[in-house]
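The values are calculated or read from the model by the stated rules, or taken from the named source; none is laboratory data. Remember, it's a predicted structure, so these values are computed and weren't measured experimentally. Neighbour counts are summed over all protein chains in view; Cβ atoms, including those assigned to glycine, are modelled from backbone coordinates with ideal geometry.
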Amino acid sequence: MSISPTLSGTTTAQPKQADLRTEFGLTDPEAARIRALLDREPNPLEWAMFGAMWSEHCAYKHSKRLLRTLPTTGARVAVGPGENAGAVDLGDGLLCVFKVESHNHPSAVEPFQGAATGVGGILRDVFAMGARPVAVLDALFFGDPATARTRGYVRGVVGGIGSYGNCVGIPHPGGHVTFEPCYDGNPLVNAMCVGIAERSSLRRADTARPGSAVYLVGSDTGRDGIAGASLLASAEFTGDAGDAKGGAPGVDPTASKRPSVQVGSPFLEKLLLEATLELVASDAVEAVQDLGAAGLTCAASEVAAKSRAGMRLDVALVPRRATGMAPFEVMLSESQERMLVIARPGRESDVERVFARWELHGTRIGEMTADDALEIRDGERLLASLPPRALADEAPEYDVTQWAAPPNGAGRVEGGPPSREEWPDGRDAADVDGPTSEMAPDRGNAARAALDLAAAAAPRQKVGHALLELLASPAVASRAVLYRTYDQMVGTDTVDGPGGDAAVLRLKGRADGIAISIDAQPRVAALDPFVGAASAVAEAARNLVCAGAEPLAITDCLNLGNPERPAGAWHLERTVAGIRAACEALALPVVSGNVSLYNATRGVDIWPTATIGAVGHLRDVASRIPVTTGEEGDLVLLAGSADARLGASAYEALHGAHRGPVAIDLGLEARLQRFVLAAHERGAIRAAHDRAEGGLAVALAELALRDGMGMQVTLPPVRGGTIAKLFGEGPGGIVLVVPPDREAALRACAADHGVELWTLGAIGGDILEIVPVLAMPIDALRRAYEGGLAAALGRQA
Amino acid sequence: MGEFVATIHVRPKGEVRDPQGEAVAGALRALGFDVTDVRTGKEIVVRFAAADDEGARDAARTMGDQLLANPVIEDYAVELGAPTEAARG
Amino acid sequence: MKVAILLYPGTWSERDFAHAFGLLGIEHEIVWHADADLHGFDAAIVPGGFSYGDHLRAGAIAKLSPATRELRRAAADGMPILGSCNGFQILCEAGLLPGALVRNTHLEFRCDWVRMRVESEETPFTRGLGGELLRMPIAHGEGCWVADEDTLLRVESSGQVALRYVDERGTATPEANPNGSTANIAGLRNEAGNVLGLMPHPERCVEDLLGGTDGRRMLEGLGARTVIPA
């Protein structure tokens, strides 16, 4: 399409207005709203700008009303949602800036570049705030690892993340990986960046003043990714993202969407990062804004709208990589590694000098104005004049609750009861998981019943084999085979990298530090999106607590299906409700986030997937809870809830079953987390580990594997089948290792917090023995755990 | 002065191991091809000005020697094409 | 003792080295490559990173920097020069060390802890460490050292192999080799001994908090040099 729009609308080869609206994804009511806002007919360029800015990806049309219900304030919140990233106060003048963002659709089309540019985008969000990125974490969701298509996605996505982060020099100290068939054709790539800023260096996009010069710096603008935001991320794939016959991803039916894929340059990103931080440190800039989705249009209207000002831009001044680009292509290009920099008046030459020193192409393309207008010119010619707030803030908000309805069991997501927000009492739970009370007999139940019988008859090898199988399964196995391709240590702040519950980073020159976690519970959310989302928040916070860190705030990335369908709308509503409930119970504000909708292939939605990134504060890094097994003779205890269930467990996933109900007791979760922090404060805890995928048995095995030390334990004396006690999952459980002389103090502390505690046994030897059902040498556990993922992906170790 | 386009083909030297080539060979074999050897390299297309053919060839060789190839591990070959043809390729 | 830490576009270990030297009490300054003047410095570090994005070949474009001329002059004058990771690659590309560093044979970037045995004490960074086993982090995709047979023979016979990847017993096994490097070579020195290149990152292990302090033993050598002349 080649258009050269003018305000009068006379162009050559101009498509019909109705076609343009459709092309840019605007509905008739939206078009009417735009006409009413402007009190005139927009010209084609203006339609294009509205189309991009009012796309789901940029405007959050279907989620904004719900997101507004999340708690976003708190004593430690320095910057809440709405800016490039959120921030919490670490005290003594330091802020921690962080955000998680999806890059799902680009990664489905071109896994390597899609994932790489996802890392690039989230880094820019953080350093645009004046913060130096200190960590990148990611949450990745793939389909069945046995298929060639998934293996291609894994290779591409992990390769892209590594190539980008390693080159820029940001450590990758942790992450989350899920393998479930619902992601077969629609993998999810969520990247989180954490940065550190001096309070005085914090830059926001809302502080640009009329008269200040506007610079575009970084990559030259090309035709890559024109309107990628509105075309790619705001609609479903009609076909599969990859070749249905199992070839390399991205070859096939979405070929028509491929030109929208952007190619990243981490080298340029590194130069942009250093130049931006230098400009901020020398106080030469008023505001900095990353160019992401909808490119220059979005960056310009966001800065102008937030700063309550106008902006005048000349597209003729924008450096280009391609010849013959139309103004609308320049305005909507999503070429990577570009920033909009608003200089302080009088500091323009300093800004230009810093660009030049870092060998960056930085060009003055306009200035801030006092008008309520974003004016786009091509030299002398006025091409568009739009109120920035109409673009950035006036998109319609849809109330999805009006058509939300739970799926009635016909979809891929099997419904449990719509929402069970509290545990039923213990008896009920035991009945649900007990071998004699089957809700819906199936292959998994039969296998489990057989195993329970076997366990009763005491052939320990069978239970041991089940543990090994679980440790080697894609849900549980060590991710080292992926994470070793990421630099985990550059920056020399990584105290605990991947493998622990949370990543721990020190802050140079200070005693304190931060802990970071990223989690998701799609298998639970598939049964109940409320419980799944709440569990993800609880787990992210619990992982910080297991490092001894006080959770400060979270960032969320909601990956969901089509919100225009009743089930998709219901998933969205219940997911946000779950996050809200957990955040309120745990007193955790949400400071930033991102929503990715339309994650569906051929009309089948993915499981609702809320990725939660959490940041916690460690008053003294040196006295964190370390990633160790403990010492010979130390006691092993379970704190919180011993009530774990098999329905949504990794164990049942191995045996083909998946059923509710699932539940979370948020009151218990809050008490448990407060208790562990208080007990740690009293020096009672040597080691801690969250009971997660694989249940108690896997938690104990992982604990043993840390230092290669064994333990002898028994299962907690609660009702329920042996298999459920070993491999059942559920929130609210933390395994603690304590020196024997601290047990009394620990018990007193637990009683103070109303938290139950079971002594399971003691550390020692080189065998994990769960009396009387299982005894397994640590070496065997290690082989299963460390070799599992490579084997599942068909690789040699 | 005229405009020239040189295509410089860089390949690992015969005696230097090429793990990428080995990986590609394995993948091609997996696809059913009877592959005996694969060598990977890179192609660098340079558009530049020179006085004549000979000057252009000399310049391209100097580029190869000083930057584009590492003589410790790589060989290279220069292909000097008519500007328009190479531009299409 | 004042150490210059060179900074090229794309370098990322310069701040880590600066932090490490700060802890060791060694005076240091980060020096921009384009205006590098090593007069007034007693040693130079060529740090890790992806100078110029590792485009073309790791270190290939950085070697054209004015800093290379300075490094060559300083090396000839006997200045202690340490190149780590990308710095090792730059020193090889610039011809200050023999051979070349190519893609890891398993084709992956690898971040891990490795063990090395000190094979040559004849550098300011390994003096007194002969035969010692050092444990350090690596983080690279192109750390496989290669050379023709003559060069390999020469570096082996002249003691230029400074560091070799080994297992916990000190044996150079294939399993202990993280990148397929020829003869498990992890680090090389020049003939005079004042220039050392290695793939591992000594600056990442100078504190117990970060998992090890063997890097301290290597970097401390610079401070000691002022006391014990070479």
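The residue pairs whose first member lies in region A:303-325 and is part of a strand (DSSP E or B), whose second member is surrounded by fewer than 22 Cβ atoms within 10 Å (Cβ to Cβ) and of a type in the set (Val, Ile, Thr), and whose beta carbons are closer than 6 Å, counting only pairs six or more residues apart or on different chains, are A:Gly310/A:Thr369; A:Arg312/A:Thr369.
Can you pull out the strands (runs of 3 or more DSSP E) entirely within region A:339-393 that have at least 2 residues that are under 26 Å from C:Asp35 (Cβ atoms)? It would help to see each step written out before you state the result.
Numbers: elements: A:362-369, A:374-378, A:381-386.
It comes to A:362-369.
Could you please let me know if C:Arg110 is basic (Lys, Arg) and crowded, with 22+ Cβ neighbours inside 10 Å? No: the conditions fail for C:Arg110. State yes or no: is C:Gly187 touching a Gly at 6+ places or on another chain (Cβ under 8 Å) and more than 14 Å from chain A (Cβ to nearest Cβ)? Here the answer is yes, as C:Gly187 does meet what is asked.
Test A:Ser473 against the stated conditions and say whether it is of a type in the set (Gly, Ala, Ser), within 14 Å of chain C (Cβ to nearest Cβ) and outside any helix (DSSP H, G or I). So A:Ser473 does not fit the description; no.
So that you can scan it fast, the table gives a plain yes or no per residue for (1) within 14 Å of chain C (Cβ to nearest Cβ); (2) more than 20 Å from A:Val318 (Cα to Cα):
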{"residue": "A:Leu277", "(1), (2)": "yes, yes"}
{"residue": "A:Val280", "(1), (2)": "no, yes"}
{"residue": "A:Leu291", "(1), (2)": "no, no"}
{"residue": "A:Gly295", "(1), (2)": "no, no"}
{"residue": "A:Ala300", "(1), (2)": "no, no"}
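Being buried (at least 22 other Cβ atoms within 10 Å of the Cβ) and either over 33 Å from the mean Cα position of the chain (by Cα) or farther than 28 Å from A:Lys270 by Cα (or both) holds for only one residue in A:Pro327, A:Pro345, and it is A:Pro327.
Which residue, of A:Ala446, A:Ala450, A:Ala454, A:Ala429, is in contact with a strand residue (DSSP E or B) (Cβ under 9 Å, 6 or more places away or on another chain), modelled with pLDDT under 95 and in a helix (DSSP H, G or I)? Let's see the steps before the verdict.
Details: A:Ala446 fails: in contact with a strand residue (DSSP E or B) (Cβ under 9 Å, 6 or more places away or on another chain); A:Ala450 fails: in contact with a strand residue (DSSP E or B) (Cβ under 9 Å, 6 or more places away or on another chain); A:Ala454 fails: in contact with a strand residue (DSSP E or B) (Cβ under 9 Å, 6 or more places away or on another chain).
It is A:Ala429.
From the list A:Gly246, A:Gly242, the lone residue that is within 14 Å of another protein chain (Cβ to nearest Cβ), closer than 21 Å to A:Phe112 by Cα and modelled with pLDDT under 95 is A:Gly246.
Criterion applied to A:Thr611, A:Thr628 was being within 14 Å of chain C (Cβ to nearest Cβ), of a type in the set (Val, Ile, Thr) and either closer than 27 Å to A:Asn104 by Cα or not in a strand (DSSP E or B) (or both), and the one residue passing it is A:Thr628. Consider A:Ala679 carefully, then state whether it is under 14 Å from A:Cys546 (Cβ atoms), in contact with an Asp or Glu (Cβ under 8 Å, 6 or more places away or on another chain) and not in a loop (DSSP other than H, G, I, E, B). No: the conditions fail for A:Ala679. Out of C:His28, C:His19, C:His39, which single residue is over 29 Å from B:Ile73 (Cβ atoms) and touching a residue at least 40 places away in the same chain (Cβ under 8 Å)? Just a single option satisfies the conditions, and that option is C:His19.
Filtered by the rule that a residue be without any contact (Cβ under 8 Å) to a residue 40 or more places away in the chain, acidic (Asp, Glu) and within 14 Å of another protein chain (Cβ to nearest Cβ), region C:122-180 gives C:Asp148, C:Glu149, C:Asp150, C:Glu175. State yes or no: is C:Asn184 of a type outside the set (D, E, K, R), free of Cβ contacts under 8 Å to residues at least 24 places away in the same chain and out of contact with any Leu (no Cβ under 7 Å at 6 or more places or on another chain)? Answer is yes for this residue. Within region A:356-377, residues that are within 14 Å of another protein chain (Cβ to nearest Cβ) reach partners that are in a strand (DSSP E or B) and buried (at least 18 other Cβ atoms within 10 Å of the Cβ) with beta carbons closer than 8 Å, at six or more positions or on different chains, in the pairs A:Ala356/A:Gly362; A:Leu360/A:Val217; A:Leu360/A:Gly218; A:His361/A:Val217; A:His361/A:Gly218.
Select from region A:1-42 the residues that are among the basic types (Lys, Arg) and in a loop (DSSP other than H, G, I, E, B) and write down the one among them that is modelled with the highest pLDDT. Write out each step before concluding.
Going residue by residue through region A:1-42, those that are among the basic types (Lys, Arg) are A:16, A:21, A:33, A:35, A:40.
Restricting the remaining residues to those that are in a loop (DSSP other than H, G, I, E, B) gives A:16, A:40.
On the way: A:Lys16: 54, A:Arg40: 95.
Only one residue tops the list, namely A:Arg40.
Kindly indicate whether any position in region A:570-583 is acidic (Asp, Glu) and assigned to a helix (DSSP H, G or I). Before you say what the answer is, go through the steps one by one.
Our first condition is that a residue be acidic (Asp, Glu); within region A:570-583, this holds for A:573.
This time we only want the ones that are assigned to a helix (DSSP H, G or I), so: A:573.
Checking region A:570-583: at least one residue is acidic (Asp, Glu) and assigned to a helix (DSSP H, G or I).
Filtered by the rule that a residue be within 19 Å of A:Cys193 (Cβ to Cβ) and away from chain C (no Cβ under 11 Å), region A:480-515 gives A:Ala502, A:Ala503, A:Leu507, A:Ile514, A:Ala515.
Given the criterion touching a helix residue (DSSP H, G or I) at 6+ places or on another chain (Cβ under 9 Å), at pLDDT 90 or above and away from chain C (no Cβ under 13 Å), identify the matching residue among B:Val38, B:Val10. Spell out how you get there, then give the answer.
Numbers: B:Val10 fails: away from chain C (no Cβ under 13 Å).
Step by step, each of B:Val38, B:Val10 is checked, and only B:Val38 is touching a helix residue (DSSP H, G or I) at 6+ places or on another chain (Cβ under 9 Å), at pLDDT 90 or above and away from chain C (no Cβ under 13 Å).
Among the residues of region A:78-105, those identified as part of a strand (DSSP E or B) and of a type outside the set (A, V, I, L, M, F, W, C) are A:Pro81, A:Glu83, A:Gly86, A:Asp89, A:Gly91, A:Lys99, A:Glu101, A:Ser102.
Considering region A:160-226, the qualifying strands (runs of 3 or more DSSP E), each wholly inside and each with 3 or more residues that are within 27 Å of the chain's Cα centre (by Cα), surrounded by 24 or more Cβ atoms within 10 Å (Cβ to Cβ) and among the hydrophobic types (A, V, I, L, M, F, W, C), run over A:188-198. Out of curiosity, is C:Arg204 within 28 Å of A:Cys167 (Cα to Cα) and among the charged types (D, E, K, R)? Judged against the criteria, C:Arg204 is a match. The residue of region A:647-679 that is farthest from A:Pro181 (Cα to Cα), among those that are buried (at least 24 other Cβ atoms within 10 Å of the Cβ) and over 26 Å from the mean Cα position of the chain (by Cα), is A:Ala679. Checking each residue of region A:272-287 against the condition of being within 30 Å of A:Leu383 (Cβ to Cβ), under 26 Å from the mean Cα position of the chain (by Cα) and modelled with pLDDT of 95 or more gives at least one match.
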